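The values are calculated or read from the model by the stated rules, or taken from the named source; none is laboratory data. Note that the coordinates shown come from a computational prediction; the quantities given were computed from them, not determined experimentally. Cβ: placed from backbone, ideal geometry, glycine included. Neighbour counts: every protein chain shown. Heads up: the accessible areas ignore ligands, DNA and RNA and are worked out on the full protein's heavy atoms, side chains in. Shrake-Rupley method; radii C 1.70, N 1.55, O 1.52, S 1.80 Å.
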Amino acid sequence: MTSANRIAVVDYGMGNLRSVEQALRHVAAQLSNPAEVVLASTPDIVESADRVVFPGQGAMRDCMAELDARNLRQAVKDAAANKPFLGICIGLQMLFDHSEEGDAAGLGILPGQVKRFAGDLKGADGQRLKVPHMGWNQVRQQPHPLWSGIADQAYFYFVHSYHVVPDVASLVVGQTEYGMPFTTAVARDNIFAIQCHPEKSARDGLQLLRNFVSWAPKAPV
């Protein structure tokens, strides 16, 4: 696969997906072979797509319940196994084994846990940091095609109280400092997932989405 044709944004009823959809439409229209962007609330739409975006907002347990209520769990797992796949925010966290938030099981696609930020985080100036982590912050990159055209330590927009702790260090392709270093982005084969919101992150966020819609990852081994 060398270009996107149909991009499915998984819609399981959690969070406003319109900003993700509109940002993807904007970058997809710039391709030499413009891609179609569709909201996917049924398994068949996810299955027929060439690449899949898995966003969302809300509590992990609620998100998993809504995914199952719409019979989308297996379609998402299949897409993560064999198509260019982008997880955003809770769409990153749901890929892992388990979350402290509501003591909820995730999809178990990637090994690791989702943990809440500690309540005693302090910045470099010694001031206590608020949870949720909200606003613009820098991302320190590890090499990956989706960072192409984005400067290391570029700013992205965050809104979250929980962060992923992968069991495998090689999954980590982005980190951010918020009283402690935490994992911002992970990648494996055809999967890239990020805690921040590229659709709300101005030029660099659009560049990441642009990279995704033209990304041709190697097939999983």
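Some notes on this structure:
- Looking across region 30-59, the residues that are at pLDDT below 90 and open to solvent by 50 Å² or more (accessible area, probe 1.4 Å) come down to Gln30, Ser32, Asn33, Pro34, Gln57.
- Looking only at region 17-36, and only at residues there that are part of a loop (DSSP other than H, G, I, E, B) and of a type in the set (A, V, I, L, M, F, W, C), the one that is nearest to the chain's Cα centre (by Cα): Leu17
- Whichever residue in region 97-117 is part of a helix (DSSP H, G or I) and surrounded by fewer than 19 Cβ atoms within 10 Å (Cβ to Cβ) and, among such residues, is modelled with the lowest pLDDT: Gly102
- Residue count for region 189-205, restricted to those that are part of a helix (DSSP H, G or I) and touching a helix residue (DSSP H, G or I) at 6+ places or on another chain (Cβ under 9 Å): 5
- Candidate set from region 60-96 (those that are part of a loop (DSSP other than H, G, I, E, B) and surrounded by 16 or more Cβ atoms within 10 Å (Cβ to Cβ)); member that is nearest to the chain's Cα centre (by Cα): Cys89
- When Val213, Val186 are screened for being closer than 21 Å to Ala105 by Cα, buried (at least 20 other Cβ atoms within 10 Å of the Cβ), in contact with a helix residue (DSSP H, G or I) (Cβ under 6 Å, 6 or more places away or on another chain) and not small (Gly, Ala, Ser), only Val186 passes.
- Residues that are over 20 Å from Gly108 (Cβ atoms) and part of a strand (DSSP E or B) within region 174-183 comprise Gly174, Gln175, Thr176, Glu177, Pro181, Phe182, listed in sequence order.
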